[in-house]
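Visitor: Before anything else, here's the structure in question.
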Amino acid sequence: MPTTRRSSGGGRGATATGRQSTLSFNHRVTKPVPKSAKDLVSKPAKQSPLGKHISSAQPSPTPEDEDSIKEEIKDEEEVEARPRPEEKPKSEAELRADKITDCQIDQYWRKLERERIASRVHQEDLTLAEKVLRYWDVSSQYGPCVGISRMKRWMRADKLGLNPPLEVLAVLQKEEAKGTGGIEKAHMDEILNSTSIGSV
């Protein structure tokens, strides 16, 4: 059987020169530029004596590039000039929680401890705030604690009329004001996430 020859021209998808056509975006960058890169362009940096020699060898930007940079800077200035939304006013419950003292939170915890038969030996090294919040996590009458922040869970329980303890909200606000890390996430949520990651 004779071998067949393929013709180089006139085939499907071939151009007159026999090459595949290429896409051109006319040297425009179509992806967004991060703000940090824009800041570098807008603010001149201090140059060392060597920088003068290097910068003289590089071509200067074209007027089109300068216009596009100026437009981006104007857009950023407009965004910064917009009035920022004010912090939402605190609800009545949050205002009442602000008035709760550490002594009242301690009394709340002692009342819970008196209801138990034995003391919580495994929680001796925890702070009072962490004890209160962990008790809040396992209080199932206020809904699930996994997948929702403690503050949102408290607000949800309050909206549903479940009368969540005001001391928990006070502890959350005080710990947030102190800047305590990881206070918003339930301890149970951390445990479940760590076991699911380890099992993969």
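The values are calculated or read from the model by the stated rules, or taken from the named source; none is laboratory data. Please read all numbers here as calculations on a predicted model, not as lab measurements. Glycine also receives a Cβ, built like all others from the backbone with ideal geometry; neighbour counts cover every protein chain displayed.
Visitor: Counting residues that are farther than 29 Å from GLU92 by Cβ and at pLDDT below 90, which helices (runs of 4 or more DSSP H) fully inside the range 102-200 reach at least 3?
Guide: Output list reads 187-199.
Visitor: Also, I was wondering about something else. Being among the β-branched types (Val, Ile, Thr) and farther than 22 Å from HIS187 by Cβ is the filter here; which residues of the range 101-130 pass it?
Guide: Matches in the range 101-130: THR101, ILE117.
Visitor: Could you list all residues from the range 159-176 that are surrounded by fewer than 17 Cβ atoms within 10 Å (Cβ to Cβ) and under 15 Å from ARG96 (Cα atoms)?
Guide: ASN163, GLN173
Visitor: Given the conditions (1) of a type outside the set (Asp, Glu); (2) in contact with a Cys (Cβ under 7 Å, 6 or more places away or on another chain); (3) surrounded by fewer than 12 Cβ atoms within 10 Å (Cβ to Cβ), and given that GLY179 satisfies all but one, which numbered condition is not satisfied?
Guide: (2)
Visitor: Something else about it: Can you work out which of the residues in the range 72-101 that are among the acidic types (Asp, Glu) and over 26 Å from GLY179 (Cα atoms) is modelled with the highest pLDDT?
Guide: GLU72
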